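The values are calculated or read from the model by the stated rules, or taken from the named source; none is laboratory data. From a predicted model like this one, the values you see are computed outputs, not experimental measurements. So basically every Cβ, Gly included, is an ideal-geometry build from the backbone, and we count neighbours across all protein chains shown. Remember, those area values only see protein heavy atoms, side chains included, never the ligands or the DNA or RNA. Shrake-Rupley method; radii C 1.70, N 1.55, O 1.52, S 1.80 Å.
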Amino acid sequence: MDLNRIAAFDRLVMTPGPTMVDERVRRALALPLTNPDLDPEFARFYAELCRRLQGLLRTRSDVLVLAGEGLLGLEAAVASLVEPGDRVLCVANGVYGEGFAEFVRLYGGEPVLVPGPYDRPVEPRQVEEALARHPGIKVATVVHCETPAGLINPVQELCPLLKERGVVTVVDAVSSIAGEPLEVDAWGIDVALGAPQKCLSAPPGLAFLTVSADAWRAMEARRAPIRGYYLNLLQWRRSWLERGEFPYTPSSADLAALAAAVALVEEEGLERVIARHRRIARAVRTAVRAAGLDLYPVEEAAAHAVTALRVPDGVDDADFRRLLWERHGVMIAGSWGPLAGRVWRIGHMGANARDEHVVACLAALDRALPEAGVRLRTSLAEAYLAAAGASGA
Ligand SMILES: *Cc1c(COP(=O)(O)O)cnc(C)c1O
C-alpha cells in the first residue's frame, strides 16, 4: 500500500469528529518548527493561543493545552481532582457520562450516578435529588454534548445549581465548543474540556481545558497526592503558569494547526459559527423526518453539530456504512455502547457544517439507502435544501 494515498484521500468524511480539515489548518502543520521548550517566541505563541481559547470559551480561568487526545483531558481532570473516598456526582445519560464514572472509580472515588435514557437530557431536579440523597459530594461531571447520541444536556442549568452547593463542576464540552453556546464563567463551570477535532476541525492529538480558581484550590487541598505524572494538572500550574516553563514538550505542529483553526472561527465570528451549526442541524433534522427516518434524541435536546438517527429496520449498520463509503465515497459514523448497531450519526461540525458537504452527504444517502432496501418518502438532499434555504442565514 502506498502510504501517500492516505494523505491524498478526497472522499467526504462526515463523522462527528475527527472531521475534514480546512486547507488553511492543514498548511499550518507544515510551518517551520522551533525548539518549543527553549524558544521564548514559542512560549509567547502558546500563551496567546490560550488567551484566544479563553475568548472562545468565555472564561477568565487558566487555559492549558495538553498533548494527547481529548480523553487525556477528561482523565487529567478526574485524576487531579478526585482522591480516594471522594464522592463524585456523574451525570450518566450517555456513553461519555458513564465513562467519567469509570475514571472516578479508577482514581479511588465513589461515583454517584444520575442515570437517564440516552435519548433525553438529565433534568436539574434529578441532580438536586442526588445531591440531597448523597451528602458530601465534592466534584460533579457533566457531558454537554453526548456525541454518541447527538444529545445536549442543560449545562447552563445544572452547573449553577451544583456550584451553589460548593461542588466543583467538570464539563466535557469536547463536541460542543464552537458548535453550541457555551459560557464557562457565566454558567459556573470550573473545568471545561475540549479537543481540536470536533467543531474546531483541527487534527486530533491535543486536549485543552480551563481550570478555575476553585478547581485549583480543590487540587491544592487534597490530602492524598495526585496519582499520575503526566495527568497531574498541578505540575502545569507550578511550571507553566508560575514559571513560564513547559512541564512536557509541547506538540508544536498540532498547536500551530489548532491556532489556525481558532483563527478561522475568530475571522467568521463565534456567534455566526454557532448560528451556522444551528441552521444546518435544523435542516438536517427536517430532511430526516421528511424522508421518513427516525431521529434518535428528543428534538428539543438535539445537538447542533451531529444528528443521530435510528438505523432503519432490516438494515445492517456496518454493511450499509461500508457500502456508503466504498461505493459512494461518504463516511458517516455508527455509535457506541448500547447504541452500537442501532444509531447512525451524521457529523455536521466545523469544516463539515457547510451546505455543500451536507448536501453531498445526503445525496449519497439518497442513492445508497434504496440500494439497501430502504424506501425514502422524499429525497433527503432536496428536503434539506428546501429547509436550509427557508430558514435563511
Ligand atoms: C470525541 C469526544 C471525546 C474524546 O475525544 P478523543 O480526542 O477522541 O479522545 C470526549 N468527549 C466527547 C463528548 C467527545 O465527543
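Determine which member of the set A364, A353, A281, A301 is in contact (Cβ under 8 Å) with a residue 12 or more places away in the chain, more than 24 Å from the chain's Cα centre (by Cα) and open to solvent by less than 20 Å² (accessible area, probe 1.4 Å).
Criteria check complete, one pass: A364.
For region 39-54, enumerate the residues that are open to solvent by 20 Å² or more (accessible area, probe 1.4 Å) and part of a helix (DSSP H, G or I).
P40, E41, A43, R44, F45, A47, E48, R51, R52, Q54, listed by residue number.
Determine which member of the set A186, A224, A213, A195 is touching a residue at least 40 places away in the same chain (Cβ under 8 Å) and touching a Leu at 6+ places or on another chain (Cβ under 7 Å).
On the way: A186 fails: touching a Leu at 6+ places or on another chain (Cβ under 7 Å); A224 fails: touching a Leu at 6+ places or on another chain (Cβ under 7 Å); A213 fails: touching a Leu at 6+ places or on another chain (Cβ under 7 Å).
Every option except A195 fails the conditions.
Report yes if P36 is in a loop (DSSP other than H, G, I, E, B) and more than 16 Å from the ligand (Cβ to nearest atom), otherwise no.
Answer is yes for this residue.
To keep it simple, each residue is scored yes or no on (1) touching a helix residue (DSSP H, G or I) at 6+ places or on another chain (Cβ under 7 Å); (2) more than 20 Å from L193 (Cβ to Cβ); (3) open to solvent by 10 Å² or more (accessible area, probe 1.4 Å); (4) away from the ligand (no atom under 12 Å from the Cβ).
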| site | (1), (2), (3), (4) |
| --- | --- |
| G97 | no, no, no, no |
| L106 | no, no, yes, yes |
| P115 | no, yes, yes, yes |
| A132 | no, yes, yes, yes |
| T141 | yes, no, no, no |
| C145 | no, no, no, no |
| A149 | yes, no, no, no |
| N153 | no, no, no, no |
| C159 | no, no, no, yes |
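Identify the residue in region 367-393 that is among the charged types (D, E, K, R) and either in contact (Cβ under 8 Å) with a residue 60 or more places away in the chain or out of contact with any helix residue (DSSP H, G or I) (no Cβ under 7 Å at 6 or more places or on another chain) (or both) and, among all such residues, is nearest to A318 (Cα to Cα).
The residue in question is R375.
What is the number of the single condition among (1) crowded, with 24+ Cβ neighbours inside 10 Å; (2) closer than 28 Å to R282 by Cβ; (3) away from the ligand (no atom under 12 Å from the Cβ) that S176 does not meet?
(3)
Suppose we filter G194, G205 for residues that are within 12 Å of the ligand (Cβ to nearest atom), open to solvent by less than 10 Å² (accessible area, probe 1.4 Å) and at pLDDT 95 or above; which single one remains?
Values: G205 fails: open to solvent by less than 10 Å² (accessible area, probe 1.4 Å).
Checking each option against the conditions leaves just G194.
Restricting the search to region 55-64, which residues are open to solvent by 10 Å² or more (accessible area, probe 1.4 Å) and farther than 20 Å from R217 by Cα?
If the condition is that a residue be open to solvent by 10 Å² or more (accessible area, probe 1.4 Å) and farther than 20 Å from R217 by Cα, then G55, L56, R58 are the ones that fit.
Taking G244 as the residue in question, decide whether it is closer than 29 Å to V63 by Cβ and free of Cβ contacts under 8 Å to residues at least 12 places away in the same chain.
No: the conditions fail for G244.
Looking at E110, E123, can you tell me which residue is in contact with a helix residue (DSSP H, G or I) (Cβ under 8 Å, 6 or more places away or on another chain), open to solvent by 40 Å² or more (accessible area, probe 1.4 Å) and more than 16 Å from A303 (Cβ to Cβ)?
From the options E110, E123, the qualifying one is E110.
What pairs come up if the first residue lies in region 120-143 and is over 21 Å from Y96 (Cα atoms), the second is among the acidic types (D, E) and crowded, with 16+ Cβ neighbours inside 10 Å, and their beta carbons are under 8 Å apart, counting only those six or more places apart or on different chains?
So the pair list comes out empty.
Would you point out the residue of region 55-67, among those that are part of a strand (DSSP E or B) and within 16 Å of the ligand (Cβ to nearest atom), that is nearest to A260 (Cα to Cα)? Steps first, please.
Within region 55-67, the subset part of a strand (DSSP E or B) is 62-67.
Of the ones still in play, those that are also within 16 Å of the ligand (Cβ to nearest atom) are 64-67.
Values: L64: 17, V65: 15, L66: 17, A67: 17 Å.
Only one residue tops the list, namely V65.
Assuming T210 fulfils every condition listed in (1) under 22 Å from S251 (Cα atoms); (2) touching a Cys at 6+ places or on another chain (Cβ under 6 Å); (3) more than 11 Å from the ligand (Cβ to nearest atom) apart from one, which condition is it?
Here T210 clears every test but (2).
Please work out which residue is farthest from V171 (Cα to Cα), limiting yourself to region 68-89 and to residues that are within 15 Å of the ligand (Cβ to nearest atom) and part of a loop (DSSP other than H, G, I, E, B).
Among those that are within 15 Å of the ligand (Cβ to nearest atom) and part of a loop (DSSP other than H, G, I, E, B), it is G68.
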